[in-house]
Amino acid sequence: MGWVTNDQLEPVRQDADSTGEGVVDTLVSQGTIRASAVAQAKAGYFNVEFMDLTDVKLPDSVIAAIPRHIAKKYNVVPIQSQEDSVTVAVSDPSDLEVSDSLAMLLNKAVSLVVATEEDIAAAIGRYYGAKDDSVSKMIQDITEGEVQIATLGNVGDAGDGSAVEADAPIIKLVNTIIVDAFKMRASDIHLEPLAKTFRVRYRIDGMLHEMKGPPKRLQASIISRLKIMSNMSIAERRIPQDGRIQTSVGGKTIDLRVSCLPTNHGESIVMRILDKEGLKLGLAELGFFSDDQQTFERLIALPDGILLVTGPTGSGKTTTLYSCLNYINRPDRKIITVEDPVEYQLAGINQVQVSEIIGFTFASALRSMLRQAPNVVMLGEIRDFETASIAINASLTGHLVFSTLHTNDAPSAVTRLIDIGVKPFLVASSTRALMAQRLVRKVCKKCTTPFAPTESELKALEIDKESAASANFRKGRGCPDCSKTGHRGRFGIFEVFVIDDEARKLIYDKVPSSVLRVRAREMGMRTLREDGRRKVIAGLTTPEEVIRATVGDSA
């Protein structure tokens, strides 16, 4: 932070006079100085400790030292508590009225630490939002009509013939959990019953974040409400169940795929949030650089053959396939998908959901759909020999087939197909390309800042000194926009293996995947780590993210 001259201060003073704020507050709101820097200066002046509350975990016993209404009234958070003293975080240590009032109300000696006003407000919401004895108070800030739930079943029926009131506290609480998850860009919601607590976690950008959960005594009511909303049986608690919730949040339509699993301490609920409007990504938004994007666009425009996307669960394979379908979806093409389950509804595309219960498997669905004369077929996953065999035969008879496999890299997909029983010559003649992918978190654009990677990070990514000198290494400082993580959103890193005549001969000869990998590298295929390295040098993500996502990559 540089010095601010008198000439620069004059317009700031005028703004402060017009708004009624102080000069320092105006400088903070304008972004000239950081709130944390002001708080640290105050702490140094009054000789007290400065504390960043972002990553501080406070136990319930400490939070209980100050009642909710007192914490909110004086804008303080307890940090430590003993029998005759308490340490609290304040934003203004010069306000003696706060410390004197707390000492009198709590009948304890009060010590101070300094934190930013924003951090204290966030901590109050995090720790006191679900601690109040009254559920109605816990959700009193939710505005009317902020969330509307339209379920597949009859939500007004509690299962015992009694109607549930639309404004019942439990209904509002469940709706609040869903709304908060959506606003925080969570991909799924985990409600986990533990021995003494009912844990709520949101997965945001691939990482689980624990929220302040509701009281344990509300566990059964919350689970029953969710089971009613997703059209599950509330009488059955011994076997797993699956359901779906259709939801409107702030005018946006989303679906929630709900899974219920019995555990030792009750039923665990996981809700996968499927944002229909957030799906329509172009290939550039997936994370392709222009060279890989051109190659991929050429591949998905082919008239026939198989294109396989590989990677572990949660690596974005389905999103990539849907983006491919969006790209090639035209009135002159008939596209049919076979999925388990159908996650997103796409306009102009025929989507089929398999059902193992009635014997409608991937293989039987694929056989039937080929009689519908499609141009393009998408299979959610190739799981067995029968499905793989029909998919390959479809590709050899003039259909373009997209599907996924669970393998670690692109060349291993060939070995996997041969292992499940497909003849090597069929794999060689039908496969057009194989693509492996992983997801890494983006650097937050609001708080991005230059930084210097460590020697070990540069060595792991094989970045030499010359490349490092010209690189644009970036990381996020952490801000409210990214919830202090330094990351916001995710994109893919890819390795694309285009099958040529020599690769086909190697596949026909049943060579190991390591030999295929050498051939792919000779053709110019970048490994996952090499593609990630390009994106680190460009400042799109951090070395730590790429190393974590490609820990199994030897390159």
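Below are the figures for this structure:
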item: Accessible surface of T313 - all protein chains present, 1.4 Å probe, nearest 10 Å²; result: 120
item: Extension reserve of the D509-E117 stretch, reckoned as 0.36 nm per residue once the Cα distance is removed; result: 134.4 nm
item: Residues whose placed amide H lies under 5 Å from that of V113, excluding near-sequence neighbours; result: V88, A89, V90
item: Rh by Kirkwood over Cα pairs, then Stokes-Einstein D for region 348-409 at 0.890 mPa s and 25 °C, µm²/s; result: 201
item: Lysines with Cα under 16 Å of K505, excluding same-chain neighbours fewer than 8 positions away; result: K423
item: Cα-projected label distance for F289 with E49, points at 7 Å along beta-carbon direction, nm; result: 4.6
item: Lysines whose Cα lies under 17 Å from that of K73, excluding same-chain neighbours fewer than 8 positions away; result: K131, K137
item: Tilt relative to the chain, helix 96-106 - C-alpha long axis, 0 to 90 degrees, to 10; result: 90
item: Listed residues I493, Q351, L194: farthest to the positive end of the dipole of the chain (Cβ charges); result: Q351
item: Mean separation of Cα contacts under 8 Å, 6 or more apart, over the residue count of the chain: relative contact order %; result: 9
item: Accessible-area composition of the chain, carbon plus sulfur, in percent [1.4 Å probe]; result: 49
item: Theoretical FRET efficiency, 1/(1+(r/R0)^6), r = Cβ-Cβ of Q372 and T454, R0 56 Å, to 0.05; result: 0.50
item: Accessible area of the chain divided out per residue, in Å², using a probe of 1.4 angstrom; result: 50
item: Within the chain: Cβ-based charge dipole about Cα centre, in debye rounded to nearest 20 (Lys, Arg +1; Asp, Glu -1); result: 1480
item: Sites M207 and A468 - FRET efficiency at Förster radius 30 Å, r taken between beta-carbons, to 0.05; result: 0.65
item: Listed pairs K212/K317; K227/K484; K252/K535; K57/K446; K172/K252 exceeding 29 Å between Cα atoms; result: K212/K317; K227/K484; K252/K535
item: Per-selection Kirkwood Rh - the chain (Cα, Å, 1 d.p.); result: 27.2
item: 222 nm mean residue ellipticity, helices alone, for the chain (DSSP H n ≥ 4; -39,500 (n - 2.57); rounded to 500); result: -10500 deg cm²/dmol
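The values are calculated or read from the model by the stated rules, or taken from the named source; none is laboratory data. All values derive from a computational prediction rather than experimental measurement. All Cβ positions, even for glycine, are placed from backbone atoms using ideal geometry, and neighbour counts span all protein chains on display. The protein model used for the area step is the full one, side chains on, heavy atoms only, and it has no ligands, DNA or RNA in it. Shrake-Rupley method; radii C 1.70, N 1.55, O 1.52, S 1.80 Å.
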